[in-house]
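Take a look at the structure set out below.
The values are calculated or read from the model by the stated rules, or taken from the named source; none is laboratory data. Keep in mind it's a predicted model, so treat the numbers as computed, not measured. Because the Cβ atoms are built from the backbone with ideal geometry, glycine has one as well, and the counts that use them run over all protein chains shown.
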Amino acid sequence: MKIAVIGAGAMGSIYGGHLSLQNEVWLVDTNQETVEHIQKNGLILQEEGQDITYHPSAVTSSEGLPPMDLVILFVKALYSRSALSANRELIGPDTFLMTLQNGSGHEDILSEFVPADHIIIGTTEDNGAVLAPGYVRRGGTGKTNIGMPAGDPSGFLPKVKETLDACGFQGQIHSNIQQLIWDKLFTNVSLSALTGVLQVPMGFIASNEYAWSIAERLIQEAAAVARGLGLQADEKAIAEKVRLTSLNSPDGITSICADLKAGRKTEVNTISGSVVRASQKCGVPAPTHQLIVELIHAIEDRNKKTEIVQPCEADRKIHR
């Protein structure tokens, strides 16, 4: 199978490396240093304490490459549209696009490039971390859950599962992949978004009555929206799962919290923002999620400012 993996970060490298064992794989990334390292030395994955070298092709541009059988998107979600636009050469009439990115609603962007029945969405239980350019530690492993929201009339999903299984992954096909994605989303839209706004570790949410009250409201709204989409959502069970996740990871830092602290743009539009878009589709209100999205975007804009604003004289008089 001809496969292109767009994004040579931790997850893109893990999938690109392993898939290259049995397929023609191109890793596409704009980071020149990473690409040159892979071209010269191969892609090194640290797995179970050992360094293993893989040899996918690596390029900074897809110009001149043929259309792929499968394109896997592993960039941050806010760059999905621009990454696909820059690599249209990879997408032919028979190309399938697959995303295992965090959050929900990615199919809306993918549908701008391929028909709905050529879109594969899912989740991965694998995880990893970039140690250096072209050098990635593979942490935990697990299932790669995949499904097609518009169905699979061409029977392509079993081929993807077979390819994943042959390359060291645990592929699992789901007839209702949206349910699985939302089950994961519930935690992100409560813990991740809220820790970002408050700039606190995960454990703070369940241990603080005010923070937990907001988290419960976010869970209730997300569960109502999910049911509006025809999905199952038991908000009491979800709340208990989120509470235990918070308590069991007291010092954990979510991606949104880390991005905001570092002054980076976040993936809030495909996390909390996906709940807002879904609420608009099914007519179930989600005002707290809308507020969270606006707060996070306001913080992102604030982070662009380098000048510290001093209190005005009127404020000083008020507080004297």
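Ser62 satisfies every condition listed in (1) surrounded by 19 or more Cβ atoms within 10 Å (Cβ to Cβ); (2) closer than 22 Å to Thr124 by Cα except (2). Taken over the stretch 143-161, residues that are without any contact (Cβ under 8 Å) to a residue 40 or more places away in the chain and either of a type outside the set (S, T, N, Q) or not in a strand (DSSP E or B) (or both) amount to 12.
Conditions tested, residue by residue: (1) within 20 Å of Ile14 (Cβ to Cβ); (2) in contact with a strand residue (DSSP E or B) (Cβ under 6 Å, 6 or more places away or on another chain); (3) hydrophobic (A, V, I, L, M, F, W, C).
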| position | (1), (2), (3) |
| --- | --- |
| Val59 | yes, yes, yes |
| Pro67 | no, no, no |
| Val71 | yes, yes, yes |
| Arg88 | no, no, no |
| Asn102 | yes, no, no |
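For every residue, the table says whether it meets (1) aromatic (Phe, Trp, Tyr); (2) outside the structural domain of Asn127 (by TED's automatic domain parsing); (3) more than 22 Å from the chain's Cα centre (by Cα).
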residue	(1), (2), (3)
Tyr15	yes, no, no
Val25	no, no, no
Val28	no, no, no
Glu33	no, no, yes
Gly49	no, no, yes
Pro56	no, no, yes
Ser61	no, no, yes
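Selection of first residues in the stretch 1-13 that are farther than 14 Å from Arg88 by Cα and modelled with pLDDT of 95 or more and of second residues that are assigned to a loop (DSSP other than H, G, I, E, B) and of a type in the set (Val, Ile, Thr), restricted to Cβ pairs under 6 Å at least 6 apart or on distinct chains, gives the following pairs, ordered by first then second residue: Gly7/Val75. Would you be able to say whether some residue in the stretch 1-18 is charged (D, E, K, R), in a strand (DSSP E or B) and within 16 Å of Gly168 (Cα to Cα)? No, because not a single residue in the stretch 1-18 is charged (D, E, K, R), in a strand (DSSP E or B) and within 16 Å of Gly168 (Cα to Cα). For the stretch 29-77, the set of residues classified as part of a loop (DSSP other than H, G, I, E, B) and small (Gly, Ala, Ser) consists of Gly42, Gly49, Ser61, Ser62, Gly64, listed by residue number. Of Glu89, Glu125, all but one fail to be touching a Ser or Thr at 6+ places or on another chain (Cβ under 8 Å), surrounded by fewer than 18 Cβ atoms within 10 Å (Cβ to Cβ) and modelled with pLDDT under 95; the exception is Glu125. Here His174 meets each of (1) within 19 Å of Ala4 (Cα to Cα); (2) buried (at least 17 other Cβ atoms within 10 Å of the Cβ); (3) touching a strand residue (DSSP E or B) at 6+ places or on another chain (Cβ under 8 Å) with one exception, condition (1). Scanning the stretch 83-101 for residues being assigned to a loop (DSSP other than H, G, I, E, B), of a type in the set (Val, Ile, Thr) and closer than 24 Å to Leu185 by Cα gives a total of 0.
Being buried (at least 19 other Cβ atoms within 10 Å of the Cβ) and either farther than 14 Å from Ser190 by Cα or of a type in the set (Ser, Thr, Tyr) (or both) is the filter here, so list the residues in the stretch 278-287 that pass it.
From the stretch 278-287, those buried (at least 19 other Cβ atoms within 10 Å of the Cβ) are 278-279, 286; that's our starting set.
Across the stretch 278-287, the qualifying residues are Ala278, Ser279.
Taking the stretch 174-217 as the range and being more than 26 Å from Arg277 (Cβ to Cβ) and not in a helix (DSSP H, G or I) as the test, the residues that pass are Val200, Pro201, Asn208. Taking the stretch 218-243 as the search range and keeping residues that are under 23 Å from the mean Cα position of the chain (by Cα) and among the basic types (Lys, Arg), which one is surrounded by the most Cβ atoms within 10 Å (Cβ to Cβ)? Top of the filtered list is Arg243. From the list Ser104, Ser80, which residue is within 21 Å of Ser62 (Cα to Cα) and not in a strand (DSSP E or B)? That would be Ser80, the only listed residue that is within 21 Å of Ser62 (Cα to Cα) and not in a strand (DSSP E or B).
Please find, among Gly171, Gly140, the residue that is free of Cβ contacts under 8 Å to residues at least 40 places away in the same chain, in a loop (DSSP other than H, G, I, E, B) and farther than 20 Å from Ala77 by Cα. First the steps, then the outcome.
Values: Gly171 fails: in a loop (DSSP other than H, G, I, E, B).
Result: Gly140 is the single residue among Gly171, Gly140 that is free of Cβ contacts under 8 Å to residues at least 40 places away in the same chain, in a loop (DSSP other than H, G, I, E, B) and farther than 20 Å from Ala77 by Cα.
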